[in-house]
1. What about B:F85, is it within 30 Å of A:I8 (Cβ to Cβ), open to solvent by 40 Å² or more (accessible area, probe 1.4 Å) and under 16 Å from the mean Cα position of the chain (by Cα)?
2. What are the residues in segment A:32-48 that are at the interface with another protein chain (Cβ under 7 Å from one of its Cβ atoms) and under 21 Å from B:S79 (Cβ atoms), if any?
3. When you look at B:I150, is it open to solvent by 10 Å² or more (accessible area, probe 1.4 Å) and under 20 Å from B:I103 (Cα atoms), yes or no?
4. Only one of B:A69, B:A65 is hydrophobic (A, V, I, L, M, F, W, C), closer than 21 Å to A:M39 by Cα and surrounded by 22 or more Cβ atoms within 10 Å (Cβ to Cβ); which?
5. With respect to B:I134, is the statement that it is at pLDDT 95 or above and open to solvent by 80 Å² or more (accessible area, probe 1.4 Å) true?
6. I'm trying to understand the selection: among the residues of segment B:144-162, which are outside any helix (DSSP H, G or I) and either touching a residue at least 40 places away in the same chain (Cβ under 8 Å) or at the interface with another protein chain (Cβ under 9 Å from one of its Cβ atoms) (or both)?
7. I need every pair where a residue in segment B:124-143 that is in a helix (DSSP H, G or I) has its Cβ under 7 Å from the Cβ of a residue that is open to solvent by less than 30 Å² (accessible area, probe 1.4 Å) and of a type in the set (K, R), sequence separation at least 6 or different chains.
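The values are calculated or read from the model by the stated rules, or taken from the named source; none is laboratory data. All figures in this text were calculated on a predicted structure; none of them were measured in a lab. With ideal geometry, Cβ positions are generated from the backbone for all residues, glycine too; neighbour counts draw on all protein chains shown. Ligands, DNA and RNA are stripped out before the accessible areas are found, and what is left, the full protein with its side chains, is counted by its heavy atoms. Shrake-Rupley method; radii C 1.70, N 1.55, O 1.52, S 1.80 Å.
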Amino acid sequence: MSEKSKNILACILIGIGLLAAVLGILRGEAVDVLKKATMICLECIGIG
Amino acid sequence: MDKKKNRKIRPLIQALTALLSNSWLVGFFNGTIFKGATKSICLPGLNCYSCPGALGACPIGSLQATLTAAEYRFALYVSGLLVAFGAFCGRFICGFLCPFGWIQELIHKIPFPKKIKKLPAERILRLLKHLILIIFVILLPLFFLDATGIGKPWFCAYICPAGTLEAGIPLVLMNSGLRQIVGFLYTWKLLILAIILFLALMIWRPFCRYLCPLGAIYGYFNPIALWRFKVDENHCTQCGACQQACPMDLPVHQKPNPMDCMRCGKCKDICPTDAIQTIYPFKKSK
């Protein structure tokens with residue numbers, strides 16, 4: 001694959017990734033992440 | 001960027017990232033965690049969100065949390081960010097922005113009688129991170145649900161040594177409530193952490209090379225990421241100095257963007273003919 005094709009593919013993937021992230025935010029996933037991340041995760045610390 | 005500058009800048013960026021992403025210092029003293037709105041933002045590197053100082057969310061923890069939420073079934077936000085981060089710079093994130101990777105590198109600098117480049121069965125061990133990603137981060141949280149239909153973050157619960165070091169130890173030390181409920185699992189995770197840190201004395205970044213599911217994800221993007229390496233075949237003499245300097249023992253002169261490369265840049269620094277170049281996003285390579 002040429003360097004130019006790699007760049008184009010990377011740009012497409014970045015676009016798709018950002019679009020998916022925005023759709024995820026719109027359906028409330030970032031709020032879920034916030035809820036999870038603001039509680040002490042007992043699994044993470046080796047208790048749960 | 002000249003070679004001397006590169007050698008100094010990477011540890012500086014690593015230290016700054018670790019400090020900035022864990023800068024709520026009050027938490028370390030009173031055994032609590034930060035609860036502000038920035039916690040909804042996934043950081044690119046592995047940084048436990050239960051670390052008392054953490055200002056952002058861990059992408060692997062968040063991925064498991066949103067994967068297991070019954071209403072989604074596919075985590076668009078976190079997986080979208082991981083694809084975007086990966087396609088932008090691949091495992092540069094591991095080399096520059098991961099606090100746990102930086103800690104392992106610091107430990108590796110401690111003098112130890114036996115420094116080795118790789119373990120026996122290295123190739124098989126390096127496949128482990130892909131298995132961990134598929135089994136512990138995706139399949140088990142998705143299909144092993146509790147009575148309420150919610151999955152568990154299996155990787156965080158049974159493997160992640162970053163969580164034990166950044167969150168488990170400081171929180172249990174400072175929070176008496178948590179201290180009373182520690183049990184076998186805590187000991188198990190301390191054991192994993194101890195093994196990883198001991199291995200880090202001998203080998204460069206053992207967790208990242210064998211076990212890290214985030215490194216596995218970013219590694220898939222390494223060959224095509226906007227920020228990648230390129231070998232100028234007109235200058236390369238195939239001397240192999242890059243492979244000798246590479247802490248992962250990768251043949252950079254033959255394949256400059258393998259999945260395991262964490263972009264430490266030691267190959268670039270050592271190359272006598274400057275044949276290894278960095279392709280920067282939106283900038284022509286020098």
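1. Numbers: within 30 Å of A:I8 (Cβ to Cβ): yes; open to solvent by 40 Å² or more (accessible area, probe 1.4 Å): yes; under 16 Å from the mean Cα position of the chain (by Cα): yes.
Criteria met by B:F85.
2. Of segment A:32-48, the ones at the interface with another protein chain (Cβ under 7 Å from one of its Cβ atoms) are A:32-34, A:36-38, A:40-41, A:43-48.
Across segment A:32-48, the qualifying residues are A:D32, A:V33, A:L34, A:K36, A:A37, A:C41, A:E43, A:C44.
3. Numbers: open to solvent by 10 Å² or more (accessible area, probe 1.4 Å): yes; under 20 Å from B:I103 (Cα atoms): no.
When the stated conditions are applied, B:I150 does not pass them.
4. On the way: B:A69 fails: surrounded by 22 or more Cβ atoms within 10 Å (Cβ to Cβ).
Just a single option satisfies the conditions, and that option is B:A65.
5. On the way: at pLDDT 95 or above: yes; open to solvent by 80 Å² or more (accessible area, probe 1.4 Å): yes.
Answer is yes for this residue.
6. Looking only at segment B:144-162, we keep the residues that are outside any helix (DSSP H, G or I), and these are B:144-153, B:159-160.
Result: B:L145, B:G149, B:I150, B:G151, B:K152, B:P153, B:I159, B:C160.
7. B:R126/B:R209
Quick grid of which residues meet (1) touching a Gly at 6+ places or on another chain (Cβ under 6 Å); (2) β-branched (V, I, T):
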| position | (1), (2) |
| --- | --- |
| B:F96 | no, no |
| B:I110 | no, yes |
| B:I116 | no, yes |
| B:E122 | no, no |
| B:L133 | no, no |
| B:L145 | yes, no |
| B:F155 | no, no |
| B:L165 | no, no |
